[in-house]
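Asker: Next up is a structure, given as structure tokens.
The values are calculated or read from the model by the stated rules, or taken from the named source; none is laboratory data. Note that the structure is a prediction, hence the values are computed from the model and not measured. Here Cβ is always computed from backbone atoms with ideal geometry, including for glycine, and neighbour counts include all displayed protein chains.
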Amino acid sequence: MEGFFMPIYTRTGDKGTTSLFDGTRVAKSHARVETYAAIDELNSIIGQTLAFFPKHKYTPIVKELEKIQHDLFAIGSALAMPHPLPVSGLDNRPKDFEIIIDDLTQKLPTLKNFILPGGSKPGSLLHVARTMARRAERRVVTLTEKEEVDDQILIYLIRLSDLLFTLARYINHMEKQKEIKWIKR
């Protein structure tokens with residue numbers, strides 16, 4: 001429909017509430033809102049990371065990160081419902097992540113120390129994404145203390161943070177960025 005205009009603003013949240021997908025109004029500070037917001041932040045940093053990827057060089061990783069973005073959108077949508085909904089397609093994803101982690105780990109130097117986050121632009125952003133995945137995990141745990149949540153969401157996020165760490169190491173290794181060992185003081 002050409003010429004149709006729908007404003008992005010609704011003004012319905014101007015008093016500090018928002019609507020869940022079923023129309024239920026909750027405070028913007030509600031644990032459910034905090035949880036799907038953390039998922040949205042994680043999805044956004046992955047999008048930012050992809051903007052700095054030399055795509056021609058890492059096509060399989062780019063495709064996996066884009067698939068993860070779709071997963072995260074589905075997870076966020078499920079979390080925006082006041083009643084637990086299973087997220088279709090998540091059951092096998094943690095196992096998929098483990099396969100990728102194991103494959104990439106074999107191509108990396110053995111990790112014997114903690115390392116500092118950093119390295120190349122995409123590598124350092126993957127480290128940020130990892131920390132945001134951990135925050136999303138914590139938000140899911142907080143929500144599960146009050147309400148039911150699909151168990152697969154937490155498992156997915158835990159394995160995703162492991163994958164993001166491994167991807168950060170792999171990209172930095174491929175980009176010849178030396179890992180900086182953490183030195184206890």
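Asker: Among (1) without any contact (Cβ under 8 Å) to a residue 40 or more places away in the chain; (2) in a helix (DSSP H, G or I), there is one condition Leu42 misses while meeting the rest; what is its number?
Answerer: Going through the list (1) without any contact (Cβ under 8 Å) to a residue 40 or more places away in the chain; (2) in a helix (DSSP H, G or I), Leu42 breaks only (1).
Asker: Please enumerate the residues belonging to region 80-110 that are modelled with pLDDT under 95 and either surrounded by fewer than 14 Cβ atoms within 10 Å (Cβ to Cβ) or among the hydroxyl-bearing types (Ser, Thr, Tyr) (or both).
Answerer: Across region 80-110, the qualifying residues are His83, Pro86, Ser88, Gly89, Asp91.
Asker: Which residues, taken from region 56-85, are touching a residue at least 12 places away in the same chain (Cβ under 8 Å), assigned to a helix (DSSP H, G or I) and among the hydroxyl-bearing types (Ser, Thr, Tyr)?
Answerer: Ser77
Asker: Let me ask you something else. Give all pairs with beta carbons closer than 8 Å in which a residue from region 94-118 that is on the phi > 0 side of the Ramachandran plot meets a residue that is in a loop (DSSP other than H, G, I, E, B); count only pairs at least 6 apart in sequence or on separate chains.
Answerer: Hits for this filter: Gly118/Gln177; Gly118/Ile180.
Asker: Looking only at region 86-139, count how many residues are aliphatic (A, V, I, L, M) and not in a helix (DSSP H, G or I).
Answerer: Residues meeting the conditions: 6.
Asker: Same structure, new question: Taking the condition of being surrounded by 17 or more Cβ atoms within 10 Å (Cβ to Cβ), under 17 Å from the mean Cα position of the chain (by Cα) and not hydrophobic (A, V, I, L, M, F, W, C), how many residues in region 136-161 meet it?
Answerer: The number of residues fulfilling the criteria is 7.
Asker: Could we say that Ile8 is surrounded by 10 or more Cβ atoms within 10 Å (Cβ to Cβ) and of a type in the set (Val, Ile, Thr) here?
Answerer: no
Asker: Does Arg169 count as of a type in the set (D, E, K, R), buried (at least 17 other Cβ atoms within 10 Å of the Cβ), farther than 23 Å from Asp40 by Cα and in contact (Cβ under 8 Å) with a residue 60 or more places away in the chain?
Answerer: Answer is yes for this residue.
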